[in-house]
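Following: one structure in structure tokens, then a few remarks.
The values are calculated or read from the model by the stated rules, or taken from the named source; none is laboratory data. Just so you know, these numbers come straight off a predicted model, no measurement behind them. Here Cβ is always computed from backbone atoms with ideal geometry, including for glycine, and neighbour counts include all displayed protein chains.
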Amino acid sequence: MSTTRSFPEGFVWGVGTASYQIEGAVAEDGRRPSIWDTFSHTPGKIAHGDTGDVACDHYHRWVDDLDLLVAMGIPSYRFSIAWPRVMPDGRTINQPGMDFYKRLLDGLLERRIAPVVTLYHWDLPQDLEDRGGWRDRETVELFTEYAVAMGKEIGDRVPVVTTLNEPWCTAYLGHATGEHAPGLTDNALAYEVAHHLNLAHGRAVTALRGILPAEAQLSVTLNLQEVLPATDRAEDVAAAAHAEAISNRIFLDPMLRGSYPVELIDSTAHLTDWSFVRDGDLAEVSAPLDFLGVNYYSPGMVTATPGSTPWPGTDRAWRHDMDAPQTIMGWAIQPSALTDLLVRTHRESGLPLVVTENGIAGHDAVGADGAVHDTHRIDYLRDHLAAVLDAVEQGADVRGYFGWTLLDNFEWAWGYDKRFGLVHVDFDDQTRTPKDSARWFSGIIECNEL
Ligand code: FCB
């Protein structure tokens, strides 16, 4: 016999998207290229040569997409602003681009859907990349100016602002492994980029505090990794601790405590001398936050024995396959790792947490009956929501959950092959078909119970 379990009162439910993954319209109304336009148009970088040129054509179909949110009973919507749409050269306001987001925000508010805005979900203006991108400290200044401009333009409409989405991906996948834009492959760069992202985050938080209404909430979204050693051998345990330091603590410690861990500095000394950290930076990085956004998909297993895939950013820890079922991304499915991650992160940070992304990809197709029977997604979501409840029972202050994602979309280096949406998108004619999981998720939201 199954019993129902309730989520905390006031639990925030939502779904998320990101600008480059859904908007399309990459050359309209003054938008200039981002690093993802350049990267996706570089042969060999994206599966099947896919690009975000059209994506879900959300720039033109946003009214229908907001109506979909209403039909699904979604109370909160997390989306990102395309910096190159509102400031095409990274510094000059482009009013038509700004107006798009004002219309979108007004559309959400009219529908009584609470917006959660991310300022940076990876689409850096290419003009800034040409000047050094996140390797250049000037980008920190320009990001702060962009945040201030957004605060002034839309601050009256957004109750929740997130500075960065997953700076780990920008630092390591963008600059060490080269899987993401701008596609650089130098481990040493990742650390400088991570510091500049940390500083950009902290400065933006402080600047926005002075502009946004007092009740506005400020946060950052991190893809914290639950890093597990492959064995209990001392070398593997040390490799896991190293991976944990370069993946999680490199962001958490400066943001929450105003310092970089000594183990991080020591274990990367052969790559960088950290001289890019200037006096006063860390006080700026640690600007107080209202909550921490956590994106979670899968744990990672680490070994000290060199293998085929190094852990991003290092040659001292290697990925190790886990003995667990995998998604079509090759990501291990282990909900208990989400529980452990939330419990530990809350204990260590003292901050309220929101799961800002969680979901699963499939090769979902519309069947002869006109429906998409994505039971694999319902199973994944159910098990991970149960994991969130387990974390709450163990004392983690988890205040919300955003499913990734509203629509099948441009899944970065994987292109359109991997469908994460609750709503199926036919990329030939842009038809949207809510999957079985969308109806299931609506039911959970409606009763706030699992
Ligand atoms: C996260 C990204 C998001 C999406 C999911 C699957 O790393 O933030 O845009 O691609 O993975």
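Assorted remarks:
- Considering residues of the stretch 1-50 that are part of a strand (DSSP E or B) and more than 16 Å from the ligand (Cβ to nearest atom) only, the residue farthest from the chain's Cα centre (by Cα): Ser6
- When the stretch 176-199 is filtered for residues that are closer than 20 Å to Glu244 by Cβ and touching a helix residue (DSSP H, G or I) at 6+ places or on another chain (Cβ under 6 Å), the ones remaining, listed by number, are Ala176, Ala190, Val193, Ala194, Leu197, Asn198.
- Total residues in the stretch 110-155, condition among the hydroxyl-bearing types (Ser, Thr, Tyr) and in a helix (DSSP H, G or I): 3
- For the stretch 176-206, residues that are in contact (Cβ under 8 Å) with a residue 60 or more places away in the chain, hydroxyl-bearing (Ser, Thr, Tyr) and more than 16 Å from the ligand (Cβ to nearest atom) total 2.
- Candidates in the stretch 207-226 are the residues that are away from the ligand (no atom under 16 Å from the Cβ) and in contact with a Gly (Cβ under 6 Å, 6 or more places away or on another chain); of these, the one that is nearest to Val302 (Cα to Cα) is Leu208.
- Any hit, the stretch 107-129, residues being within 16 Å of the ligand (Cβ to nearest atom), within 17 Å of Arg91 (Cα to Cα) and either surrounded by fewer than 18 Cβ atoms within 10 Å (Cβ to Cβ) or aromatic (Phe, Trp, Tyr) (or both): yes
- Within the stretch 209-224, the residues that satisfy the criterion of being buried (at least 22 other Cβ atoms within 10 Å of the Cβ) and either touching a strand residue (DSSP E or B) at 6+ places or on another chain (Cβ under 6 Å) or of a type in the set (Lys, Arg) (or both) are Ser219, Val220, Thr221, Leu224.
- Residues that are charged (D, E, K, R) and within 20 Å of the chain's Cα centre (by Cα), drawn from the stretch 372-396: Arg377
- Of the criteria (1) in contact with a Lys or Arg (Cβ under 8 Å, 6 or more places away or on another chain); (2) free of Cβ contacts under 8 Å to residues at least 12 places away in the same chain; (3) hydrophobic (A, V, I, L, M, F, W, C), which one Ala234 fails: (1)
- Failed item, numbered, when His384 is tested on (1) touching a helix residue (DSSP H, G or I) at 6+ places or on another chain (Cβ under 7 Å); (2) away from the ligand (no atom under 16 Å from the Cβ); (3) within 13 Å of Ile360 (Cβ to Cβ): (2)
- Any chance Pro254 is over 21 Å from Met301 (Cβ atoms) and touching a helix residue (DSSP H, G or I) at 6+ places or on another chain (Cβ under 7 Å): yes
- Any hit, the stretch 391-413, residues being within 16 Å of the ligand (Cβ to nearest atom), under 30 Å from Thr38 (Cα atoms) and in a helix (DSSP H, G or I): yes
Every residue, every condition in (1) more than 15 Å from the ligand (Cβ to nearest atom); (2) of a type outside the set (A, V, I, L, M, F, W, C), yes or no:
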residue: Trp331; (1), (2): no, no
residue: Asp340; (1), (2): yes, yes
residue: Thr345; (1), (2): yes, yes
residue: Glu348; (1), (2): yes, yes
residue: Glu357; (1), (2): no, yes
residue: Ile360; (1), (2): no, no
residue: Asp369; (1), (2): yes, yes
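- For first residues located in the stretch 121-133 and among the polar types (S, T, N, Q) and modelled with pLDDT of 95 or more, partners that are assigned to a loop (DSSP other than H, G, I, E, B) and within 16 Å of the ligand (Cβ to nearest atom) and lie 6+ apart or on another chain with Cβ distances below 9 Å do not occur.
- Selection status of Ala171, surrounded by 22 or more Cβ atoms within 10 Å (Cβ to Cβ), assigned to a loop (DSSP other than H, G, I, E, B), within 14 Å of the ligand (Cβ to nearest atom) and of a type in the set (A, V, I, L, M): no
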